[in-house]
Amino acid sequence: TSLYLTIFMYELKKFTIIDTGYAAITPDKLKSRQEKGVLYDVVIDCSGYGPAIENALNLLNYGGKLCIFGVAPPPTKISISPYEIYQKELTIVSVKINPFTFPKALGLLEALGERCLNYDSLGIKTFRLEEFEQALESLKKGTIAKAMFNI
């Protein structure tokens, strides 16, 4: 089984610089694949955007899993079909930070180390606060995925 991490972002070029080993595709390309009947075993939503979560259910294969990591605003509602969940034997999981996982997370960070957490490979650049215009321009151009500021 393949895991496809689909990023529902219109400014996709920001994410193509990040070397995750997963495919990042535009919503248009995703829709084209969906129209051809392409389904996924796992869909991960990191957006918290209601319409994206609803569409993610339609992308799942039989026995598929939807992982919801994005935090939606409290008033957000989605419409799902309990019958579809039953018929396709879908699993929906979500994650909320546990306050007792901090030491474990630090251990994971140490284990991942420079190989996985390198700012350059993640598309992150650090700027001085007075360089905010350059940071915003880099984000706009898509040459970085995230700007951080030294204060």
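Quick note: the coordinates plus some simple rules give every number you see, no bench work behind them. Note that the coordinates shown come from a computational prediction; the quantities given were computed from them, not determined experimentally. As a convention, Cβ positions derive from the backbone with ideal geometry for all residues, glycine included, and neighbour counts pool all protein chains shown.
Quick notes on this structure:
- Highest-first arrangement of 108-116, 127-135, where packing means the average Cβ count within 10 Å: 127-135, 108-116
- Each Cα pair under 8 Å and six or more residues apart adds its sequence gap; the mean of these over the residue count of segment 32-82 is a relative contact order of 42 percent.
- Overall, the anisotropy analysis places segment 101-149 in the prolate class: the square-rooted eigenvalues a ≥ b ≥ c of its C-alpha gyration tensor yield a/c not less than 1.5, with a/b exceeding b/c.
- Integer Hz, Karplus 6.51/-1.76/1.60 couplings in order for segment 47-60, x for Gly and Pro: 8, x, 8, x, x, 5, 5, 4, 5, 4, 4, 6, 8, 7
- Averaging the sequence gap over all C-alpha pairs within less than 8 Å and six or more residues apart, then dividing by the number of residues, gives segment 76-151 a relative contact order of 23 percent.
- Taking packing as the residue-averaged number of other Cβ atoms within 10 angstrom, the listed peptides 45-55, 69-79 run from highest to lowest as 45-55, 69-79.
- For segment 24-151, relative contact order (Cα pairs under 8 Å, six or more residues apart, normalised by length) works out to 17 percent.
- Reducing segment 43-69 and segment 76-126 to their Cα centroids gives an inter-centroid distance of 13 Å.
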